[in-house]
Amino acid sequence: MAPIKATSLLNLAGKALHRRQFSVSKIASAKQMTVRDALNSALDEEMTRDERVFIIGEEVAQYDGAYKVTRGLWKKYGDKRVIDTPITEMGFTGIAVGAAMAGLRPVCEYMTFNFAMQAIDQIINSAGKTFYMSAGRVNVPIVFRGPNGAAAGVGAQHSQCYGAWYAHCPGLKVISPYNSEDCKGLLKAAIRDPDPVVFLENEILYGVQYPMSDQALSNDFVLPIGKAKIERPGKHITIVAHSRAVETSLQAANELSSKGIEAEVINLRSLRPLDINTITASVAKTNHLITVEQGWPSAGIGAEILARIMESEAFFHLDQPAIRLTGVDTPMPYTKSLEMAALPVPKDVVEMTKKLLKVK
Amino acid sequence: MATRKCLQLLKIPNRRLFHGNNALLKEGPSFPGAQTTWTEKLSFVTKSSYAPIPVYRVMDRKGSVIDPEGDPQLPRETLLKMYKDMRTLNILDKILYESQRQGRISFYMTNYGEEAIHIGSAAALDLEDVIYGQYREAGVLVWRGFTAQQFVDQCYGNRDDLGKGRQMPVHYGAKHLNFVTISSPLSTQMPQAVGAAYALKGKGRVVVCYYGDGAASEGDAHAAFNFGATLECPVILFCRNNGYAISTPVKDQYRGDGVAARGPAFGIHTLRVDGNDVFAVYNATKLAKKYCLEESKPVVVEAMAYRLGHHSTSDDSTAYRSQDEVDQWATTDNPATKMKIYLMKKGLWSEDEEKKFLKEKREEVMTAFTAGEKKPKPNWNECFKDVYKFMPEHIEKQMNDMKKHVDKYKKQYPVDQYET
């Protein structure tokens, strides 16, 4: 819904982000796959598996999606299953919610979640609450997906993270995946889920390659919704992140490791339900906690995690107050240098860790 | 009881309840929801129940005026400014598009194929009329006097950018030219324009809201049409129907008779014009403005055109349309070429003048381009401003801390690249 609807930064993402991968779970011989292809294969497999699954959104058919996530699907499945719509997020979301109520399994693509604000009433008031309001008679099996959060150089109106917004709402499940395995396993889980799922992708990560295990390449690779993943085990500090901030945290952990600090990095994967048990277990071990996210600080994901720690036994395991690292509390600047300064980078995580652990 | 109530009501001349004082007494239907007649024949009203709305034009495809009555007979200077502004827009587009391709700016959108829409409508308005654009209306700004330097400065986000470098390229805004800053999310400008027109009622000014055939599908568009009609606002809801919304062709956008057909359905006076004919656009806008002001009511204008360029620099339109299709439009029904032929027939323009003008204009834009690229960025302290009208204490503290820090460590920062 913007001019700039297709401000695709494909090239930029491809060039700037072929960076090293720090996941400890990788297999040396694992096949590399971009996040985009992982999402595409999840859609493809689920469309083959279940005839009720269809994709609806702007530019998703012949154009292959504004960010090419639906590449080839229109050719393979045709107009009936991959539907280009007129430009109205509110409209096509309403259509998709209705189709889900009637038993289909829509995957509703937004060119970016910034534009899904046009449709937020359908997502929260209709998709999120209908099962409850119908006394359990009508469930809404639907996936709302698209790029979320900051890309690069697209200004305040295209760069917002909606993780906290949707995670706020009972009735919705919210996934914020990090790498290719996350995207494939969790998108498949989202499509199979009987409830509405908001699936927050990251534009910058679309073009980045990550290893895929043999298991992840198979047709029945499904990850559980509501379970976090320990991306890197450690004993000195717990770093909790989601989406692209996981990458930031892993890079920081790598640097800290060279200084003898072993950080445990938790990839949240789901924002609702939030896997607080994995976090508290980790805090009990490390006695320190930092949360990292690209969204704003006020009422954010980090704020929620810190509050829950405060309310739990884990609080007594903390040696220092827990700290949030977030995007800066400002509309995203367009200026490149300021934009970079508005998002947490590995250096911020490293410095905050050293400060917490009182290491020079 | 019921009768008495009716009689009581009849005495009250309340038009919200009855369409005319004797509504209950007449033969026809008296439902509050429609003023109409009865029928005993059951049949659908279809798209073909009405003829499609014709496209108003002044010139044919070759630039000849068909009916002399239609020629607005504009003075020579106005005609030349109109044509020169169309070409200026082309030159700006070429240079800024190329600069994006060279990686100097992050984004750009060209205006090819819509020159007559921009210039024809802008010429029919006054500077006090407020413009709410979508994003492809740079020609309106050219007409209003936004300089080549100002275009370049915005695209570069340098010291002299009126938007202080906070927006993507082409998101122009100029308060002194009554041009509201472009917003990235689509169609948000439509209800806002109607609201602005509501505020300006009776002040002798109109609001012109431009939007595309795709934007017209957003819910906001329907709200804008309906509120424009019911609140009786002096707003021209100006659709630039260029055939494509990024890649989506109009056949996938709507199935009715375009956007114009929606006007009468909302009770709005409507015009459909040839967007490649600058005089047709001029006449339509002139008439629309006159009606808006005299009646304090909205008008829908749908200008039919063809988007000759890609949607934006993020788009490659060869993926969904053929080069032949584009070339056909560019050569056989080109708005700028059409006006050029008109001027030449009138003896107001020649190939020599054209060459000379293009050369001079290109140099002017290139000079602006070079200057704009060299200008420093806005003052670093701008990044603390304008989030709130009055700077809150915590932000002021951050700004002062930063000032102290930068003063102390000047040598560590590229302070010379910023305005001081």
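The values are calculated or read from the model by the stated rules, or taken from the named source; none is laboratory data. A quick note: this is a predicted structure, and the numbers were derived from the prediction, not measured. Please note: Cβ atoms are built from the backbone with ideal geometry, for glycine as well, and neighbour counts cover all protein chains shown.
If you go through the range B:219-229 one residue at a time, do you hit one that is touching a Pro at 6+ places or on another chain (Cβ under 6 Å) and either more than 16 Å from B:Gly263 (Cβ to Cβ) or of a type in the set (Val, Ile, Thr) (or both)?
yes
Working only within the range B:67-113, note down all residues that are within 14 Å of chain A (Cβ to nearest Cβ) and over 23 Å from A:Glu339 (Cβ atoms).
B:Thr110, B:Asn111
Does B:Tyr244 satisfy the condition of being within 21 Å of B:Asp129 (Cα to Cα) and within 13 Å of chain A (Cβ to nearest Cβ)?
no
For (1) exposed (fewer than 14 other Cβ atoms within 10 Å of the Cβ); (2) in the same structural domain as B:Phe146 (by TED's automatic domain parsing); (3) part of a loop (DSSP other than H, G, I, E, B), each residue gets a yes or a no:
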| position | (1), (2), (3) |
| --- | --- |
| B:Trp38 | yes, no, yes |
| B:Phe44 | yes, no, yes |
| B:Lys62 | yes, no, yes |
| B:Gln73 | yes, yes, yes |
| B:Met82 | no, yes, no |
| B:Leu89 | no, yes, no |
| B:Leu92 | no, yes, no |
| B:Leu96 | no, yes, no |
| B:Ser99 | no, yes, no |
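Here are A:Glu351, A:Glu313, A:Glu339: which of them is under 16 Å from A:Gln157 (Cα atoms) and not basic (Lys, Arg)?
Being under 16 Å from A:Gln157 (Cα atoms) and not basic (Lys, Arg) holds for just one of A:Glu351, A:Glu313, A:Glu339, which is A:Glu339.
Being under 30 Å from B:Gly63 (Cα atoms) and surrounded by fewer than 20 Cβ atoms within 10 Å (Cβ to Cβ) narrows it down to one residue among B:Ala261, B:Ala288, B:Ala280, B:Ala265; which is it?
B:Ala261
Mind checking which pairs have a first residue in the range B:180-201 that is within 14 Å of chain A (Cβ to nearest Cβ) and over 14 Å from B:Tyr135 (Cα atoms) and a second that is crowded, with 18+ Cβ neighbours inside 10 Å and small (Gly, Ala, Ser), Cβ under 6 Å, 6 or more apart or different chains?
Here the result reads B:Pro191/B:Ala224, each pair linking the range B:180-201 to a residue that is crowded, with 18+ Cβ neighbours inside 10 Å and small (Gly, Ala, Ser).
Quick check on this structure: which one of B:Arg321, B:Arg307 is out of contact with any helix residue (DSSP H, G or I) (no Cβ under 9 Å at 6 or more places or on another chain) and within 14 Å of another protein chain (Cβ to nearest Cβ)?
Residue meeting the stated conditions: B:Arg321.
Among the residues of the range B:290-304, are any away from every other protein chain (no Cβ under 14 Å) and more than 30 Å from B:Gly263 (Cα to Cα)?
Taking every residue of the range B:290-304 in turn, none turns out to be away from every other protein chain (no Cβ under 14 Å) and more than 30 Å from B:Gly263 (Cα to Cα).
For residues that are closer than 20 Å to B:Ser184 by Cα and either in contact with a Leu (Cβ under 9 Å, 6 or more places away or on another chain) or assigned to a loop (DSSP other than H, G, I, E, B) (or both), tally how many sit in the range B:115-143.
12
Which residue, of B:Pro234, B:Pro249, is buried (at least 21 other Cβ atoms within 10 Å of the Cβ) and either modelled with pLDDT of 95 or more or within 13 Å of chain A (Cβ to nearest Cβ) (or both)?
Just a single option satisfies the conditions, and that option is B:Pro234.
Filter the range A:68-106 down to residues that are among the basic types (Lys, Arg), closer than 18 Å to A:Arg145 by Cβ and away from every other protein chain (no Cβ under 14 Å), then give me how many there are.
2
Can you list the helices (runs of 4 or more DSSP H) found entirely within the range A:275-360 that contain at least 3 residues being polar (S, T, N, Q)?
It comes to A:276-286.
Any idea which of (1) farther than 25 Å from A:Ala38 by Cβ; (2) among the charged types (D, E, K, R); (3) in contact with an Asp or Glu (Cβ under 6 Å, 6 or more places away or on another chain) is the one A:Arg71 doesn't satisfy?
If we test A:Arg71 against (1) farther than 25 Å from A:Ala38 by Cβ; (2) among the charged types (D, E, K, R); (3) in contact with an Asp or Glu (Cβ under 6 Å, 6 or more places away or on another chain), just (1) comes out false.
Name the residue that is farthest from the other protein chains (Cβ to nearest Cβ), counting only residues in the range A:24-41 that are at pLDDT 95 or above and out of contact with any Gly (no Cβ under 8 Å at 6 or more places or on another chain).
That would be A:Gln32.
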